Amino acid sequence: MYDLKIVIIGAGIGGLTTGIALKKAGYQVEIYDKVKELRPAGAGISLWSNGVKVLNKLGLGDRMAAIGGQMNQMQYRSYKDELLNDISLQPLIEEVGQRPYPVARTDLQQMLLEAFPGTVKLGSKCVGFEDLGDRVTAIFEDGNTATGDLLIAADGVRSTLRPYILGTEIEPRYAGYVNWNGLVKASEDLAPKNTWIIYVGENKRASMMPVGGDRFYFFFDVPLPKGTSTPPEAISKELANFFAGWPQVVQNLIKQINPLETNRLEIHDIGPLETFVRGRVALLGDAAHTTTPDLGQGGCQAMEDAEVLTRYLLTTNISVEDALKRYENERKERANAIVLKARKRADQIHGKEPEVTQQWYQQLRQESPLDVTNAISKTILGGPLH
Ligand code: FAD
């Protein structure tokens, strides 16, 4: 279809990638976000090859390579510092045709913002929409409106537009664990600079992966009941308690983090949803399929959404509604499967059934590195770009 005007709500990874893809396809695009200043939630993200391929197709491969970390190895160690598995990522890269890139979120967001050839209107909180039959109008809190041929709700886990599309409210599901994350200067006394290192034990994780700018993105996970909170200045102490007795490297990491710049969040997911689309309005990214970060796939799925939505608008010619239905059919199957797989993985990692987690620790010791990379390749190759 030609000459469409598209209104996107949300300038996260999903909204921006979609905006870039649709502009490249020749459409008019406007992006709106409620915040006055865009700041990414979270410090880092691992973009697996399926996400990177979407960026490659948008001409952003070189820029991604410049801000991404060189992650060549994955290493699992126990909380008693035994090496459980040392995995080269080279077979994965060869299998899927593109290396993954861990990246600082601010760098990724900056790159996407610079690549979007239009303006992102900030301070614009969308509160609803009106479907006019042949067009759709987004309505903002300040009384402004934006009308287009279609509306994309890329407004995240607590999406304002989702209830209008589903006809019902959905409460995100607590995944049973808290995640802390941030950035530290990379140093060999923490981990080899080309390695994603993951310490596991007691249903918890402590991990670092290299991002651009000679830094490690770190995260910690601990299963906790819903509703705990800690003031930022007490985070180092909290982590020191949870990880008491863990290896010296983990203690060094806790000493090096800046607690005031460390994010602490309860992990949630959403789905599987049966509906992503209503008429001329489509959910995209976390708004449609918030995913626990245990496969590192949530952002990559938002990028896949961008690719598939743009493809159907470009290559089919019945109607906007028809193209969106095709998008929904294709993405529902893929993204919902990832939500469920990540949920299962989150339970396995965080001791929902303690014996399952013990078996996983055992499996990590015995598994061949190729089995690990083949499983990741399979997830990557299930995406729309091969
Ligand atoms: P968001 O990034 O949430 O963006 C939504 C935007 O909409 C925001 O800017 C918000 O301000 C705006 N907005 C909301 N409501 C309104 C409104 N009413 N009007 C206007 N604007 C509005 N994914 C990976 O691929 N790899 C990883 O390694 C990875 N690690 C993760 C680690 C953690 C701890 C977490 C929590 C997630 C991780 N993810 C990862 C998932 C990834 O972060 C998300 O899937 C991705 O950021 C979703 O992007 P989005 O654009 O859909 O939503």
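The values are calculated or read from the model by the stated rules, or taken from the named source; none is laboratory data. Computed from a prediction, not measured in an experiment: that's the story for all the values here. Every residue, glycine as well, gets a Cβ built from its backbone with ideal geometry; the counts of neighbours run over all protein chains shown. Quick note on the areas: whole protein, heavy atoms, side chains included, nothing else; ligands and nucleic acids left out. Shrake-Rupley method; radii C 1.70, N 1.55, O 1.52, S 1.80 Å.
Here are the numbers for the structure shown:
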| read-out | value |
| --- | --- |
| Longest exposed-site-free window of the chain, the sites being trypsin sites (Lys or Arg not before Pro) in a DSSP loop that have at most 11 other C-beta atoms within 10 Å | 227-386 |
| Charged-residue dipole, Cβ positions (Lys, Arg, Asp, Glu), the range 206-307 about Cα centre, Debye nearest 20 | 280 debye |
| Over 18 Å between alpha carbons, listed pairs 185/237; 57/121; 5/121 | 185/237; 57/121 |
| Cα shape, the range 275-327, gyration tensor, a/c 1.5 rule | oblate |
| Antiparallel content of DSSP bridges confined to the chain, in %, to 5 | 70 percent |
| Spacing of the two label points (7 Å from each Cα toward its C-beta) at residue 263 and residue 73, in nm | 2.8 nm |
| Percent of Cα-Cα distances greater than 18 Å, calculated over the range 236-333 | 60 percent |
| Three-way shape label, the range 75-190, alpha-carbon gyration tensor, a/c 1.5 | prolate |
| Semi-axes of the equivalent ellipsoid for the range 311-352, Cα gyration tensor, largest first, Å | 34, 7, 5 |
| For the chain, accessible area per residue (1.4 Å probe, heavy atoms of protein chains only), Å² | 42 Å² |
| Over the chain: helical MRE at 222 nm, DSSP H runs n ≥ 4 each giving -39500 (n - 2.57), nearest 500 | -11500 deg cm²/dmol |
| Highest-MSF residue in the chain out of 366, 109, 297 [GNM, Cα springs under 10 Å] | 366 |
| For the chain, size of Cβ-based charge dipole, Lys and Arg +1, Asp and Glu -1, in debye | 200 debye |
| Charge dipole (debye, nearest 20) of the range 153-276; +1 at Cβ of Lys and Arg, -1 at Cβ of Asp and Glu | 200 debye |
| Over the range 1-129, equivalent-ellipsoid semi-axes from the Cα gyration tensor in Å | 34, 18, 11 |
| DSSP beta bridges in the range 1-101 [antiparallel fraction, %, rounded to 5] | 55 percent |
| Largest to smallest principal axis extent of the C-alpha atoms in the chain, angstrom | 63, 44, 38 |
| Apportionment of accessible area to carbon and sulfur, the range 68-163, percent (1.4 Å) | 43 percent |
| The range 255-299, accessible surface, carbon-and-sulfur percent (1.4 angstrom probe) | 46 percent |
| Convex hull of the range 45-109 built on C-alpha atoms - directionally averaged projected area, nm² | 5.1 nm² |
